[in-house]
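Working notes for the structure below.
All of the numbers you see were taken from the coordinates with simple rules; none came from a lab. No experiment lies behind these values; they were computed from the predicted model shown. Positions of Cβ are generated from backbone atoms using ideal geometry, with glycine treated the same way; all protein chains shown enter the neighbour counts.
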Amino acid sequence: MKICIVGAGAIGGFLGVRLADAGHEVSLLARGAHLAAIRDNGAKLVDQRGETVVRVAASDDPAEFGPQDYVVITLKTPSLPAVVPSLQPLLSDDTAVVSAMNGIPWWFCQNLEGPLHGRHLKTIDPDGQLVAALSPERIIGCVVHAGASVSEPGVIRHAAGDLFILGEPDGTTKPRTKALAEAITGSGLTGRVTDSIHQEIWLKLIGNMGMGPISALTKLTLSGIANDPDARAIAVAMIEEAIAIGEQIGLPLEMSAEARVDLGAGLGDFKPSILQDLEKGRPMEIDTLIGVVAELGMLVGIATPTIDTVLALQRAQARFAGLY
C-alpha cells in the first residue's frame, strides 16, 4: 500500500514507522527539526520491542509524494485549515482520507443520525473549508487509543496502547477499511473495524475533554487526576454534562462518568497531548476537545456550566502562553 502520514509526530510517527517496517510504501509529511532529523537519520521508534529505524520519503511538500492509496491525517486540528488545501496532489479518485485526530472531526455531523444531522460545527470548521476540500465519500474515521511522544527530533517513544479503530461515517463496511485495518494489524499494532465510528469518537472525546484540560491546568497526569479528589470531581462533572449531550444526539455512553475517568487513568502517569502541547509551546487543541462540546450542548439545549468554566480557564491559560 502507498500510505502518506500527514503530521508525522507522536501518533503519526508511531503508525508510520510500524507500517514502513512491515513493508508498506510510507511517506511522512513533517516539518522543521523533526523533518530534518528523519531525512538525515531515518524515523526512529522506541517501544517495548527496542529501537526500530526506517528510511522513508519525508518532506514538508505533499506534491513530492504523488497520489496515495491512503492519506492518514494525524495533525493537530488547529493546523488543518492551513494544510488541507495543499493535500490535493496526494489524492486520486480512489484515495481514502483517514482522520486520526483527537476530538470531533470536521465531518462528524454529515452522517450522524438525529437532531444534528448535516449540521456545520463552527468550532471545528468555521468557514466550511474542510468539508469543501475533502468530500465525505473519501473519509474513513479513526480513533486511536495509544500514547506516544516525540522525545527529540526524529525519535518517537511509545508509552502505551496500540489500538486503531476504523469506521466509515455511513456505518457500512467497505473493503478499503478492512484492508487498512489488516495492514495495521499486520504491522504489529491492532487494527479494528467498527460500524459505529461516531460512538467510538464520542467515547474517546468524553475522556479527553474531561481529563486533558484539567491536566493542562494542574499538570496532573491521567492517573493523578483520577486519584486527586478535587480534580476527579471536576472531571466527573464535565463528563456527566457531556453524557447528557450524547443522549440527546443519539450517542449514549454505556458507562458512568466515574468509570470513564478510571478508564483514562489506566494509561497511568501519562501526560495527555494537550499538556504536551502546552509544555512544548505548540497550539493547543482547545476548541476541538472542549469548545465543540459546549457548542453541541448549546445546539441541543443542554447546559454545560462545568465545561464552560474549564473552557474559559483553558483559553485564558493558552492565551497567556501565546498558544490560542
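Between ALA321 and GLU279, what is the spin-label point distance in nm, taking each point 7 Å from the Cα along the Cα→C-beta axis?
Here the modelled spin labels are 1.0 nm apart.
What residue among THR304, THR221, THR173 has the largest mean-square fluctuation in a Gaussian network model of the chain, using Cα springs under 10 Å?
Answer for the Gaussian network model of the chain: THR173.
Among ILE140, ALA33, LEU311, whose Cα lies farthest out toward the positive end of the dipole of the chain, if unit charges sit on the beta carbon of Lys, Arg (+1) and Asp, Glu (-1)?
Farthest along the dipole direction, towards plus: ALA33.
Give me the dipole magnitude in Debye, nearest 20, for the chain about the Cα centre, with unit charges on the beta carbon: positive for Lys and Arg, negative for Asp and Glu. Could the numbers behind the result be given before it?
Values: 25 positive and 37 negative charges, 128 e Å.
Charge dipole of the chain: 620 debye, to the nearest 20.
Rounded, prolate or oblate, given the Cα gyration tensor of the stretch 199-320, with a/c below 1.5 counting as rounded?
Working: a/c = 1.74, a/b = 1.22, b/c = 1.42.
Taking the square roots of the gyration eigenvalues as a ≥ b ≥ c, the stretch 199-320 is oblate.
What does the charge add up to near GLU168, with Lys and Arg as +1, Asp and Glu as -1, over the other residues with Cβ less than 15 Å from its Cβ?
Details: positive: ARG138, LYS174, ARG176, LYS178, ARG192; negative: ASP94, GLU113, GLU137, ASP170, ASP195, GLU200.
Around GLU168, the charge tally is -1.
As a quick test, which of the pairs LYS2/LYS44; LYS2/LYS204; LYS44/LYS271; LYS76/LYS271 have an alpha carbon distance above 23 angstrom in this structure?
LYS2/LYS204
If you put +1 on each Lys and Arg Cβ and -1 on each Asp and Glu Cβ, how big is the dipole of the stretch 199-320 around its Cα centre, in Debye rounded to 20?
That gives the stretch 199-320 a dipole magnitude of about 440 debye.
Which of the following values of Rg/Rh (Cα atoms, Kirkwood Rh) was calculated from the structure shown: (1) 1.23; (2) 0.94; (3) 0.98?
Computed from these coordinates, Rg/Rh (Cα atoms, Kirkwood Rh) corresponds to label (2).
Only four residue types carry charge here, +1 at the Cβ of Lys and Arg and -1 at the Cβ of Asp and Glu. Report the dipole size of the stretch 56-199 about the Cα centre in Debye, rounded to the nearest 20. It would help to have the intermediate numbers written out before the result.
Values: 9 positive and 16 negative charges, 77 e Å.
With only Lys, Arg, Asp and Glu charged at Cβ, the dipole is about 360 debye.
For the chain, what does -39500 (n - 2.57) per DSSP helix run (n ≥ 4), summed and divided by total residues, give at 222 nm, in deg cm²/dmol to the nearest 500?
Taken over the chain, the calculation gives -12500 deg cm²/dmol.
Quick one: among GLN248, GLN48, GLN276, which has the greatest mean-square fluctuation in a GNM of the chain with alpha-carbon springs under 10 angstrom?
GLN48
Residues of the stretch 43-67 with amide nitrogen under 15 Å from the 7 Å Cα-to-Cβ point of ARG31?
59-63
With a 10 Å radius around each residue's Cβ, average the other Cβ atoms per peptide and rank 105-116, 280-291, 249-260, highest first. Mind showing how you got there, number by number?
Working: 105-116: 19.2, 280-291: 21.2, 249-260: 16.2.
Descending packing order for the listed peptides: 280-291, 105-116, 249-260.
Quick test of the membrane-span-like rule: which DSSP H helices of the chain reach at least 18 Å along their long axis (C-alpha atoms) with mean Kyte hydropathy at least -1.0? Walk me through the numbers on the way to the answer.
Values: long enough: 197-218 (31 Å, 0.55); 229-248 (29 Å, 0.54); 305-320 (23 Å, 0.12).
Helices meeting the criterion: 197-218, 229-248, 305-320.
For the pair SER256 and THR185, how long in nm is the line joining their label points, each one 7 Å along Cα→Cβ?
3.4
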